[in-house]
Structure formats: C-alpha cells, structure tokens
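Notes to accompany the following structure.
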Amino acid sequence: MMRSNRCASSLSSGSTPSLAGNVKDFGIYMELYRASVQGNWKAANRFFRTHKEAIKAPLNHNSETVLHVVARSGTASFAEKLVNSKMFPDEALHLRAKDYDLTPLHLAAQYGNVGVAEILVRKKHTLLYDMDADGLYPIHYAACNTGNAKDVFRFFFGVTKANEDRQPNPYEGPAGAAILVNLIRSKFYDMALELVGQHHDVTHHAALNMGVPPLDAIVKYDCPIINTANFSFWKRSIYYCISKNSASTQNFVSQLLLWKSIPKKILMHQQATDLLKCLCDELKTLNDYNQVFSLASDALLRAVHLDIAEVVLSIVEAYPTMAYCSDHNDLNILHIAIENRCENIFNLIRGTSVLVHNLQDTINGNGNDIMNLAAKLAPQHKLNLVSGAALQMQRELQWFKEVQKIALPYFSSCMDEYGKTPEMHFTENHRLLKIEGEKWMKDTATSCTIAAALIVTVVFAAAITVPGGNSDANGLPIFSSHNAFTVFAISNAASLFTAATSLLVFLSVLTSRYAEQDFLYALPNRLIIGLITLFFSIILMMTAFSSTIYLVFGQNKSWIRIIVPALASLPITSFVLLQFPLLVALVSSTYGPGIFSQRGIPQMLI
C-alpha cells in the first residue's frame with residue numbers, strides 16, 4: 001500500500017508481518033490474483049481445488065492474501081462466497097499485510113468498499129477492533145476521504161461501540177481524536193458533529209501519530225472553508241440568507257442558484273462553523289490551563305496567521321486567557337496580526353480597549369514592539385492582494401499610521417540599539433517597494449499622457465475646422481442653426497478642457513518628488529483626477545464625433561444614427577473594461593472605508 005494513502009501523517013517505519021511462510025515465487029498465484037482483482041469467483045474456486053493453501057497464502061511481496069485483494073478491489077459477491085466457503089479458515093480474517101499490519105477490513109475501509117466491509121463485520125464482529133502497526137482501527141481508515149469512505153464510516157460508526165465487552169474503545173484518548181481529525185481532513189463535518197455529540201472525549205486529546213488537536217485540524221486543513229473573508233459579497237449574501245432564515249427560505253434560495261456548488265460550499269461552511277463551536281464549547285469544560293493551551297494554542301496562533309477572526313473569537317469566548325498566549329518567538333496575537341498584516345484580527349483586537357492596552361506595550365524577545373513590526377515589509381502574499389506597487393506602498397503606509405494610533409506615544413520616537421526609529425526602519429525596509437511604486441506611477445502616467453495629448457490634438461483641430469465649413473457670406477458655420485451642431489460645439493470644447501486637465505495632471509505625476517508620504521494621498525489623488533478627466537474627455541470626444549457624422553451624412557439616413565453611436569461606444573467600453581478597475585481600486589483604497597474597523601471582542605470576556 002502506498003504511504004500517501006495512509007490516514008495518519010506520521011507513520012512508523014517498522015512493522016511485523018504475521019503471515020506464516022515465506023513464498024518467494026508469487027508467479028504460481030498469478031492466476032488467483034487476477035481472478036481476485038476481476039471478481040471471478042469461478043476461476044478462483046477452481047484454483048483453490050488444486051491449491052488449497054492458496055486461500056490464506058501471501059500473493060505478493062506485501063504478503064496480501066486473496067481477502068486483502070478482494071477488500072481493496074471491492075467485489076462484494078466474491079468476498080461473501082470466499083468467507084462463507086468451507087475451505088476458508090477464520091484466522092484468515094485477521095491475517096495482515098506486511099506494510100503497517102493491515103487486515104482486510106482496514107483495506108475495505110480505506111478504499112470505501114462498504115459492501116465488503118459489511119460482509120467481513122457480519123462474519124466476525126471483533127474485526128472492528130483489530131489495530132494496525134500504528135494503533136489505528138479500521139474506523140480510522142473509514143474516516144479518510146477515499147471512494148465511498150463516508151458510507152463506510154457511517155456503517156462503522158453504527159456498529160463500533162464504545163466500552164463494548166472486553167474490546168478496546170476506539171473513541172478514547174488520542175485514537176478517538178485521530179478519528180475526528182481524519183473526518184475534518186475529509187470534510188465529513190456532519191459525521192464529525194455526530195461523533196463529538198456522542199463521544200466528547202475525542203476533543204480532549206491530540207490525534208494519534210499526528211499530534212494535531214481537532215481544534216487545530218479545523219484551522220490547518222479547512223481554513224478556506226471556515227474563513228468567511230474568502231467569500232465574495234454575493235456569496236456572503238447567499239450565506240446570510242441560507243444560514244439565518246427558515247428551512248423553506250434556504251430551499252428557495254438554493255433552488256434559485258444556477259451553480260449547485262455554491263450552496264454546497266455554504267453548507268460545508270455552516271457545518272464547519274458548528275463543529276468549531278462544539279470544539280470550543282468543550283474547552284469550557286476543562287479546568288487545566290495547560291491542557292487547554294495544548295489543545296487550542298496552535299489553532300489560535302494559526303488562525304491569527306491566516307487572519308481567521310471567527311476562530312480567534314470562538315476560542316477567546318470559550319477561554320478568555322487564551323487571548324494572551326504567545327508563539328515560540330514570544331509574539332502575541334497583536335504582534336502576529338501586525339507583522340503578517342492580518343486586518344481582521346487587528347480590527348478584532350483594536351476594538352477591545354482592555355486587550356489593546358494589555359498587548360500593545362509588550363516587547364518580544366528580539367526587542368520589537370508593535371511599531372517596529374509595522375515598519376517591516378508585509379509578506380509577499382499580502383502585498384499581492386493589492387494591484388500595483390504604488391497601491392501596495394499606500395497600503396503599507398496605512399498600516400503604519402493605523403498601528404501608530406494605538407501604540408504608546410514614545411514607541412514612535414524610541415530608538416533601537418542601532419539608533420534607528422520605527423520610521424527609519426520603515427523607510428529602509430520599503431526602499432525597493434518605493435522605487436517600484438515610483439516606476440509604476442510613471443509608467444501609468446506616461447501611457448495616459450500620450451492618450452490625453454492625442455485627444456487634445458484631435459479636438460483642437462476639430463474646433464477650428466467645424467463640420468460643413470463656414471458660410472462665405474458671414475463666416476459663420478453652415479450648420480450653426482442645427483441642434484446637433486450645438487451638441488458638437490459643447491462636447492468638443494468640454495473634451496478639450498478635460499483632456500488638457502488630464503494631460504496637466506499626469507504631467508504633475510511625472511514631475512512629482514515622490515516622497516514616501518506622497519504615496520498615501522497626493523499621488524493617488526492625482527492619478528484619480530487624471531483618469532476621471534481622461535474618461536470624460538473620451539466620452540465627449542466620441543459625442544462630438546458622432547454629432548459631426550450626423551450633421552454631414554446622417555440627417556436623412558436613420559441607419560447612421562444607430563451604427564455610429566454603437567461604434568462610438570467601443571472605445572468608451574474598452575476604457576471602462578481596461579482602466580475602470582484601476583480607478584475603482586484607487587478610489588476605494590484612498591477614500592473608501594478601508595480595511596480597518598473596530599469590531600472588538602466583548603469586554604466581559606477579557
């Protein structure tokens with residue numbers, strides 16, 4: 001069996017085969033092996049008549065018997081005839097493969113063959129309590145997401161009883177925790193909730209051979225599901241409708257959806273959230289802080305790193321003192337949130353005055369306070385959430401300013417052992433990002449300057465050479481009495497003025513001093529003004545051009561009135577599709593509500 005198929009992530013390298021005999025030439029059993037894989041009972045039975053020892057003999061180098069092969073391939077009819085045949089000895093049910101001491105029931109559970117599993121359990125119920133080399137029961141393998149493993153787990157969960165007469169309890173201690181962790185890894189949340197509801201002890205230990213507590217597993221393996229920050233606006237709206245309303249409303253919303261995967265993801269999130277609540281509720285029943293710390297600290301710190309506020313809030317609500325735990329670098333949750341730019345956790349903490357007061361004045365073992373951590377460059381994956389180096393620099397400045405608001409006043413001017421203040425560290429750490437931001441700004445401004453200059457040239461020439469020319473009698477434009485000419489004159493002039501404004505604004509971007517603080521407001525403001533005026537100049541230029549075409553060619557041709565505006569909308573649409581997202585990002589990051597708020601943890605918990 002492949003190592004990657006194991007349920008546990010940490011496996012023992014040694015195992016002791018329990019099959020008798022040492023058959024080196026497995027070629028004589030190739031016919032039987034082939035019949036077992038194909039589920040051909042007639043061929044296998046014919047082979048047994050001439051080779052009686054083959055019914056429990058090893059068929060390959062891994063010492064797998066016929067029953068092992070059938071348990072993996074999943075032919076239930078073959079398995080039933082095999083175990084009920086007169087030639088089949090009961091001890092063959094317990095024979096083990098060489099790798100990890102797996103019984104046939106272990107393999108049936110791992111490969112999701114519920115039919116074979118039912119036959120084996122019906123034949124001998126105690127097979128449920130055979131352990132492999134790592135102390136894992138068949139139910140551990142049934143909790144793995146392979147094939148129809150969920151159906152097998154439902155079957156095992158119904159027939160494997162805790163405290164059964166003289167049998168080991170698979171739901172007790174680290175072994176029980178391993179079942180729950182495997183269910184979480186397989187995203188079998190409904191079964192995990194049922195398991196926790198019936199066997200509370202599974203939440204009080206780290207998983208056997210993995211060392212991962214269930215609470216940590218739900219963060220480690222399922223962070224994209226548990227984190228609502230990953231949901232888009234419309235997904236969050238659907239989630240609110242489905243999770244907060246009645247069953248009839250949930251069904252109605254689900255039926256309206258064209259994408260069936262969306263309700264499934266939302267349902268999985270709801271089940272994962274319910275499981276998280278159950279696990280945290282179990283923490284309330286424990287009085288030993290060391291035990292709580294061993295079960296919840298990794299989950300809490302991992303959730304802070306991943307910016308999953310739901311997990312942090314649930315753990316702190318269950319056990320308030322966990323809010324003050326630190327990692328191996330002596331960083332508390334506020335330090336981690338600032339260093340890794342986790343805005344959800346930062347907002348959660350800064351909205352709680354007691355917690356901010358207790359965490360913000362702490363200095364870690366490396367002598368870093370919160371201002372020094374804010375002065376560091378954000379992790380690359382956080383920078384990549386913002387498009388463009390200039391906006392990344394703006395986001396970093398916003399973080400530094402926001403942390404400065406909650407820091408003790410002397411933190412901002414306090415020098416380290418090298419005589420540097422946090423602002424000096426910020427400048428040093430962001431030197432390359434500032435250079436990249438300057439280049440990005442200049443490249444964007446240069447491209448837009450070319451477009452604005454072309455528009456100015458075109459509309460200025462159009463203002464001199466009006467459509468239709470001028471009258472020889474009085475020198476006035478020939479079409480001056482038409483309403484369309486008035487539209488042309490106004491839109492052409494407005495296009496000239498807005499394009500000239502855009503050109504001047506972009507030139508100011510090119511000639512800016514590019515000081516560090518300019519990336520916060522000055523440069524984004526100029527880029528916003530330049531893009532908006534360029535957008536309007538394009539619209540007005542197309543309007544002026546359409547009016548000219550109508551005056552010269554289209555007064556008696558209705559089809560021109562349709563085609564020309566339609567074609568004129570192409571450059572406008574192109575600008576919206578290509579540049580409007582940048583404009584939205586600039587406006588949102590500069591004038592929008594931003595990423596900072598004050599959600600807070602209920603004060604009575606801290």
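So how do Ile529, Ile308 line up by other beta-carbon neighbours within 10 Å, fewest first? Walk me through the numbers before you get to the answer.
Values: Ile529 17, Ile308 27.
Sorted ascending by nearby Cβ count, the order is Ile529, Ile308.
Stretching Ala133 away from Asn287 to a fully extended chain increases their span by 52.0 nm, per 0.36 nm per residue minus the current alpha-carbon distance. Per-residue extension of 0.36 nm, minus the Cα-Cα distance of Ile563 and Ser512, leaves a gain of 14.0 nm for this segment. For Lys187, a cut-off of 21 angstrom between C-alpha atoms picks up these lysines, skipping any fewer than 8 places away in its own chain: Lys150, Lys220, Lys235, Lys260, Lys264, Lys265, Lys277.
Taking other C-beta atoms within 10 Å as the exposure proxy, His482, His269 rank His482, His269 from fewest upward. Each other residue within a Cβ distance under 11 Å of Ser294 adds +1 if Lys or Arg and -1 if Asp or Glu, for a net charge of -3. I want the local charge near Met268. Using Cβ-Cβ distances under 9 Å, sum +1 for each Lys or Arg and -1 for each Asp or Glu among the other residues. In short, +2. Using R₀ = 60 Å, calculate the FRET efficiency as 1/(1 + (r/R₀)^6) where r is the Cβ-Cβ separation of Gln270 and Asn483; round to 0.05. The pair Gln270/Asn483 has a calculated efficiency of 0.50.
So if R0 is 45 Å, what FRET efficiency would Gln38 and Phe596 give, r being the distance between their Cβ atoms, rounded to the nearest 0.05?
Values: r = 64 Å, r/R0 = 1.43.
After rounding, the FRET efficiency stands at 0.10.
Say R0 is 45 Å: what FRET efficiency, to the nearest 0.05, do Ser77 and His200 get from their beta-carbon distance? Calculated value: 0.65.
By the rule of a C-alpha distance below 16 Å, with chain neighbours fewer than 8 residues away ignored, the lysines paired with Lys86 are Lys42, Lys52, Lys56, Lys123, Lys124. Take the Cα of Thr457, step 7 Å toward its Cβ, do the same at Gln404, and the gap between the two points is 4.4 nm. Cross-link reach is defined here as a Cα-Cα straight distance under 13 Å, omitting same-chain residues fewer than 8 places apart; for Lys161 the aspartates and glutamates meeting it are Glu172.
Sorting Ser85, Ser73, Ser36, Ser413 from the fewest to the most surrounding beta carbons within 10 angstrom yields Ser413, Ser85, Ser73, Ser36.
Here the extension length gained between Thr126 and Cys414 equals 96.8 nm, from 0.36 nm per residue of separation less the Cα-Cα distance. The Cα-based radius of gyration and maximum Cα-Cα distance (Dmax) for region 441-591 are 18.2, 62 Å.
Here, each number is a calculation from the coordinates, and none is a lab measurement. Because the structure is predicted, anything quoted here is derived from the model rather than measured. A quick note on method: Cβ atoms are made from the backbone with ideal geometry, for glycine too, and the neighbour counts reach across all protein chains shown.
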